[in-house]
Amino acid sequence: MIQLITAIGAVKKAQDGGHPQVSVNANNINQITWHDDNPTNITNQQILDKQVELEAEYDALEYSRDRAIAYKELKEQFDLLYHDMAADKGDKTGEWFKAIKAVKDANPKP
C-alpha cells in the first residue's frame, strides 16, 4: 500500500513542485500534521485520490518487478548466450532465448 506521506508529496509536487512539511501518524488520514500550515490547501480527498492513482501505477508494473527477480544474473545470461553462439544457436532454439522467454511467459506484460 502506498503510504499517505508519499501521496501527499506527489500532490504537493504536482501543485507547485515543492515538498510538503508534514507528518502522518500511523498512516491515518485523520492524523496529518501540517508543519507549514498546508499553504496550498491540499485536501484529504486529493490525498486519497492520489494514493489510489499511485497504487494503480505500482500494481501495473508488478510484472516488471517479478521479471527482475526471475531473470538470471547477467553473468549467467552472458554465459548462456556465449554457449549458444559457440554452438551456432543464436536464434530461438538457444538456451538463453528459452530462459528469457520462460520468464517473460511466466510474467506477461499486461
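The values are calculated or read from the model by the stated rules, or taken from the named source; none is laboratory data. All values reported here derive from a predicted model rather than from experimental measurement. Glycine gets a Cβ as well: all are built from the backbone with ideal geometry, and neighbour counts include every protein chain shown. Protein only, heavy atoms only, side chains kept; ligands, DNA and RNA dropped before computing areas. Shrake-Rupley method; radii C 1.70, N 1.55, O 1.52, S 1.80 Å.
Screening Asp91, Asp84 for residues that are surrounded by 13 or more Cβ atoms within 10 Å (Cβ to Cβ), in contact with a helix residue (DSSP H, G or I) (Cβ under 9 Å, 6 or more places away or on another chain) and acidic (Asp, Glu) leaves exactly one candidate, Asp84. Could you list all residues from the stretch 1-33 that are exposed (fewer than 14 other Cβ atoms within 10 Å of the Cβ) and in contact with a strand residue (DSSP E or B) (Cβ under 9 Å, 6 or more places away or on another chain)? Within the stretch 1-33, Gln3, Gln21, Ser23, Asn25, Gln31, Thr33 meet the criteria.
To keep it simple, each residue is scored yes or no on (1) touching a residue at least 12 places away in the same chain (Cβ under 8 Å); (2) under 30 Å from Pro110 (Cα atoms).
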| residue | (1), (2) |
| --- | --- |
| Ile8 | yes, yes |
| Pro20 | yes, no |
| Asn25 | no, no |
| Ile32 | yes, no |
| Asp37 | no, no |
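Taken together, Glu53, Glu57 contain a single residue that is assigned to a helix (DSSP H, G or I), charged (D, E, K, R) and either at pLDDT below 95 or loosely packed, with under 13 Cβ neighbours inside 10 Å (or both), which is Glu57.
Each row is one residue, and each column tells you yes or no for (1) open to solvent by 80 Å² or more (accessible area, probe 1.4 Å); (2) farther than 22 Å from Gly17 by Cβ; (3) in contact (Cβ under 8 Å) with a residue 40 or more places away in the chain.
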{"position": "Thr43", "(1), (2), (3)": "no, no, no"}
{"position": "Leu61", "(1), (2), (3)": "yes, yes, no"}
{"position": "Lys75", "(1), (2), (3)": "yes, yes, no"}
{"position": "Glu95", "(1), (2), (3)": "yes, yes, no"}
{"position": "Lys101", "(1), (2), (3)": "yes, yes, no"}
{"position": "Asn107", "(1), (2), (3)": "no, yes, yes"}
